[in-house]
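Q: Would you mind keeping the following structure in view while I ask a few things?
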Amino acid sequence: MNISRNIRIIFIGAPGAGKGTQSDLLARRYKIPKISVGELLRKLVNNNISNNINLGDLISDSIVCNIVKMRLCKNDCNNGFILDGFPRSINQAQYLTINNIKINFVFNIKLSYKIIIKRLLGRRIHKSSGRVYHIKYNPPQVDGLDNVTGEQLISRKDDNIDIIKHRLKIHNEQITNIISYYKQEVKLGNITSYTEIDGNKSINLILTEIINKINYFI
Ligand code: AMP
């Protein structure tokens, strides 16, 4: 598929709602990079940042905004990009606008906290590739091992019940302002569309819904 139009997508939604999964699929389909701010932060060798991530706290807007800005300057973003997990605060949303970083599509994947908790508690990661499994809904072929390399899967340190609840509380505090901001941006014509997606649907159904929305406009 060769899409010449610049597709710039933002995923908002709680941790565990499925943003990363959809970002990966869309990145492959449209051949644009998926930029996961969480992944970028985890790669930094910085004890303060690692501690904050493990505690489920947000990293400061100034650090995160700088990391995103630097990543977006790379050539592979010329035809578009997908931001997974950014913005997570109204300051971050405004940062994009102030810096003239144009966004076309905002997708908000919505899912009940009860289901999110189940998903995150069962989530297993292959650390070096970022491949994601779930012990029940998407188990690896061999229990506890990555399908491709056979290496051990791990649980993220912030995927434990107390930290998950803390992450969801923070999400809940921030998301209303972010949604209002993007609804306003659509009204002003700065953004093509803001779409709420039912995160309970299957991965394929959600993907189809997102692609249909994008195709409608490009
Ligand atoms: P994620 O991999 O998206 O679940 O993010 C993991 C963690 O990275 C979050 O709980 C935060 O500590 C940090 N993080 C990721 N994205 C952001 C962001 N946009 N702003 C601040 N902190 C972030």
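Q: What's the number of the condition residue 36 fails, among (1) open to solvent by 70 Å² or more (accessible area, probe 1.4 Å); (2) within 14 Å of the ligand (Cβ to nearest atom)?
A: (1)
Q: Here is a further query. Kindly list the number of the only condition in (1) buried (at least 23 other Cβ atoms within 10 Å of the Cβ); (2) among the basic types (Lys, Arg); (3) away from the ligand (no atom under 15 Å from the Cβ) that fails for residue 8.
A: That leaves (1) as the condition not met.
Q: Take residue 216 and tell me if it is without any contact (Cβ under 8 Å) to a residue 40 or more places away in the chain and aromatic (Phe, Trp, Tyr).
A: Taking the combined requirement at face value, the residue satisfies it.
Q: Can I ask one more? Only one residue in 74, 43, 34, 69 is closer than 26 Å to residue 161 by Cα and basic (Lys, Arg). Which one?
A: Just one listed residue meets the conditions, 43.
Q: Turning to a different aspect of this structure: Residue check: is residue 154 within 23 Å of residue 35 (Cβ to Cβ) and either open to solvent by less than 80 Å² (accessible area, probe 1.4 Å) or more than 14 Å from the ligand (Cβ to nearest atom) (or both)?
A: Criteria met by residue 154.
The values are calculated or read from the model by the stated rules, or taken from the named source; none is laboratory data. Predicted, not measured: the structure shown is a model, and the values here were computed from it. Cβ sites come from the backbone with ideal geometry, for glycine too, and all protein chains shown count toward neighbours. Quick note on the areas: whole protein, heavy atoms, side chains included, nothing else; ligands and nucleic acids left out. Shrake-Rupley method; radii C 1.70, N 1.55, O 1.52, S 1.80 Å.
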